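Report on the following structure.
The values are calculated or read from the model by the stated rules, or taken from the named source; none is laboratory data. Just so it is clear, the model here is predicted, and its values are computed rather than measured. Here Cβ is always computed from backbone atoms with ideal geometry, including for glycine, and neighbour counts include all displayed protein chains. The accessibility values were calculated without ligands, DNA or RNA, using every heavy atom of the protein model including side chains. Shrake-Rupley method; radii C 1.70, N 1.55, O 1.52, S 1.80 Å.
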Amino acid sequence: MRKREHFIGLWLDDTEHKHLLKQCTLSGLNASALIRHSVMGVNIQPKPPDTYADLLRELSAIGNNLNQIVYWANATKSINKAELAEAAMLIRQAWRLVKETL
């Protein structure tokens, strides 16, 4: 059984149709979902870039590595130059990934 019981047909001119298709592409929603969201006043956000999930995974791994370095440094009350350089490199790598994605 359908969740939605009411059907509304909609006629669009070429300009409106192109705009609707563009909005669907930007949001990642199909036309029905886009129109329902618009009717309900939902703020429609552009879909994240395809590399977004990879970026989050990389940032999570970098954050875990930094946490391990900081934990070890606090536990031993020392950190050497190589470890500090590694932490700085991880931060630069994270910054580069964020800039590439945006």
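Being acidic (Asp, Glu), surrounded by 13 or more Cβ atoms within 10 Å (Cβ to Cβ) and at pLDDT below 85 narrows it down to one residue among GLU83, GLU100; which is it? Only one candidate qualifies: GLU83.
Tallying residues that are touching a residue at least 24 places away in the same chain (Cβ under 8 Å) and open to solvent by less than 90 Å² (accessible area, probe 1.4 Å) within the range 1-32 yields 0.
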